[in-house]
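Report on the structure given below.
The values are calculated or read from the model by the stated rules, or taken from the named source; none is laboratory data. The structure presented is a predicted model; accordingly, all values stated were derived computationally and were not measured. Here the Cβ positions follow ideal geometry from the backbone for every residue, glycine too, while neighbour counts run over all protein chains shown.
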Amino acid sequence: MGSRDRLSVDALIYFFFRSGEDEESFRGKQLAPWVPTRAELIPYIMKLAKVGKGDVFYDLGCGDGRVVIEAVKRGAKGVCVDINPDLINEAKLKAKAEGVYDKIKFINTDFFNVSLQDATVIYMYLLTFVNALLRDKLEKETREGTRIVTLDFEIPLWTPIHKVRIPIGYRDAVIYLYIRGKSDKP
Ligand SMILES: C[S@@+](CC[C@H](N)C(=O)[O-])C[C@H]1O[C@@H](n2cnc3c(N)ncnc32)[C@H](O)[C@@H]1O
């Protein structure tokens, strides 16, 4: 499926969910399926966000923790948030195996419940309508200069600072970099 088709599917999901439901009805629910970021994309994500020492790296919907684990290996502190307790346990086991367990905070909850005030980098591999739901929270809680990276799905109404397209066989993956204070202004 091409990226345009995937976005159309995403738009359909958005309208399906939105019909007759207000934003409160999305709370406490799994809003995106578990699909891991492909290993070969992770170095591009790290490079685009310039992840390093002094960073506090959040993955909102962290799955098995693979992206946070790479961020902490590059010197960041990590925060791994997922609503699915099995995935949080998997992330803990993976972090232990990689020797970085102590550098990551694991939070098993809905990402809407987590304060983002100390984040310097936020990663989101979600869906466009979920990015739209999180946009207000990002605008209210993050500091200017915070780097926000999304994979394959944009943040509606924000302008990416960089967009990297990487061929991954049957399709191109697209990584978007947004900067709070720049991307969210008209
Ligand atoms: C596409 S996967 C991405 C996993 C990981 N970030 C990665 O890139 O490998 C989306 C993840 O978001 C999690 N998720 C979905 N809705 C959530 C919510 N409301 N709060 C926290 N996590 C959520 C899912 O459980 C899933 O692990």
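For region 54-69, the set of residues classified as touching a Pro at 6+ places or on another chain (Cβ under 9 Å) and either at pLDDT below 95 or part of a loop (DSSP other than H, G, I, E, B) (or both) consists of GLY63, ASP64, listed by residue number. Among the criteria (1) closer than 25 Å to ARG165 by Cβ; (2) part of a helix (DSSP H, G or I); (3) away from the ligand (no atom under 13 Å from the Cβ), the one ASN131 does not fulfil is (3). When VAL51, VAL72 are screened for being β-branched (Val, Ile, Thr) and in a helix (DSSP H, G or I), only VAL72 passes. Restricting the first member to region 29-43 and to residues that are under 15 Å from GLY65 (Cα atoms), and the second to residues that are hydrophobic (A, V, I, L, M, F, W, C) and near the ligand (Cβ under 6 Å from one of its atoms), the beta-carbon pairs closer than 8 Å and six or more apart or on different chains are TRP34/LEU87; THR37/VAL67; ILE42/VAL67. The numbered conditions (1) out of contact with any strand residue (DSSP E or B) (no Cβ under 6 Å at 6 or more places or on another chain); (2) more than 12 Å from the ligand (Cβ to nearest atom) are all true for PRO85 except (2). Exactly one residue out of LYS140, LYS92 is part of a helix (DSSP H, G or I), closer than 17 Å to PRO36 by Cβ and more than 12 Å from the ligand (Cβ to nearest atom): that is LYS92. Determine whether region 35-42 contains at least one residue that is farther than 22 Å from ASN131 by Cβ and over 14 Å from the mean Cα position of the chain (by Cα). Yes, there is a match, as at least one residue in region 35-42 is farther than 22 Å from ASN131 by Cβ and over 14 Å from the mean Cα position of the chain (by Cα). VAL79 fulfils the conditions (1) part of a helix (DSSP H, G or I); (2) farther than 19 Å from ALA173 by Cα; (3) modelled with pLDDT of 95 or more; (4) aliphatic (A, V, I, L, M) except for a single criterion, (1).
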